[in-house]
Amino acid sequence: MRCPICGNEDTGRLSKSRYFCSNCFIEIFYSRASELQILKILEDGSTFAVAFTENN
Ligand SMILES: [Zn+2]
């Protein structure tokens, strides 16, 4: 899984459809083939959903 934000290919896999980019400090939730959800991880450990759709 390549990070859609920074292009880092060394993302960690959290579960079947969840990945983590340690560069951006985000979770990438891969819900559908063409639909990604980005969760920004805040300092207090909570997450903030950032809409992202890969549709070029
Ligand atoms: Zn990244």
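Odds and ends about this structure:
- Applying the set (1) touching a Pro at 6+ places or on another chain (Cβ under 9 Å); (2) at pLDDT 90 or above; (3) not in a strand (DSSP E or B) to Cys3 leaves exactly one unmet item: (1).
- Every residue from region 15-25 that is assigned to a strand (DSSP E or B) and touching a Lys or Arg at 6+ places or on another chain (Cβ under 8 Å): Tyr19, Phe20
- Count of region 1-15 residues which are near the ligand (Cβ under 8 Å from one of its atoms) and of a type outside the set (A, V, I, L, M): 6
- Filtering region 26-56 to residues that are modelled with pLDDT under 80, among the aliphatic types (A, V, I, L, M) and assigned to a strand (DSSP E or B) leaves only Ala51.
- Applying a threshold of 6 Å to beta carbon distances and a minimum spacing of six or more residues, or different chains, the list of pairs starting in region 1-24 at a residue that is closer than 19 Å to Leu42 by Cα and ending at one that is among the small types (Gly, Ala, Ser) and more than 7 Å from the ligand (Cβ to nearest atom) reads Phe20/Gly12.
The values are calculated or read from the model by the stated rules, or taken from the named source; none is laboratory data. All figures in this text were calculated on a predicted structure; none of them were measured in a lab. FYI the Cβ positions are ideal-geometry reconstructions off the backbone, even for glycines, and counts take in every protein chain you see.
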